[in-house]
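What follows is calculated from the coordinates using simple rules that are stated; it is not laboratory data. Quick caveat: nothing in here was measured; it's all calculated off a predicted structure. Cβ placement follows ideal geometry from the backbone for every residue including glycine, while neighbour counts extend to all protein chains displayed.
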């Protein structure tokens, strides 16, 4: 899984529950500006994979595993 996906999953697992919060968390982690289209694609793909929906994990196991991802 791409590093950016891991970061987004970790951000959501740690309480980022809106577009703006996920974007800020991702930008803080990477230290650079992230385009809206990049984040949109990541969120859309995670929703298509049934990992998240509306910035919440569909399975608590994914949430716990995402908290343990290294940054």
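Rounded to the nearest 500 deg cm²/dmol, what is the calculated helix-only ellipticity per residue at 222 nm for the chain, with -39500 (n - 2.57) per DSSP H run of length n ≥ 4?
The helix contribution divided over the chain gives -19000 deg cm²/dmol.
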Roughly how tilted is helix 3-13, in degrees to the nearest 10 and between 0 and 90, from the longest Cα axis of the chain? 60 degrees
Quote the relative contact order of the chain in percent (integer), defining contacts as alpha-carbon pairs under 8 Å separated by 6+ residues. 44 percent
Out of (i) 17, 13, 11; (ii) 68, 8, 4; (iii) 32, 19, 9, which label holds the value of semi-axes √(5λ) of the Cα gyration tensor in Å that was computed here? (i)
Nearest 10 degrees, 0 to 90: what angle lies between the long axis of helix 19-30 and the longest principal axis of the chain (Cα atoms)? 70 degrees
Cβ-based exposure ranking for 25, 11, in which fewest neighbours within 10 Å come first: 25, 11
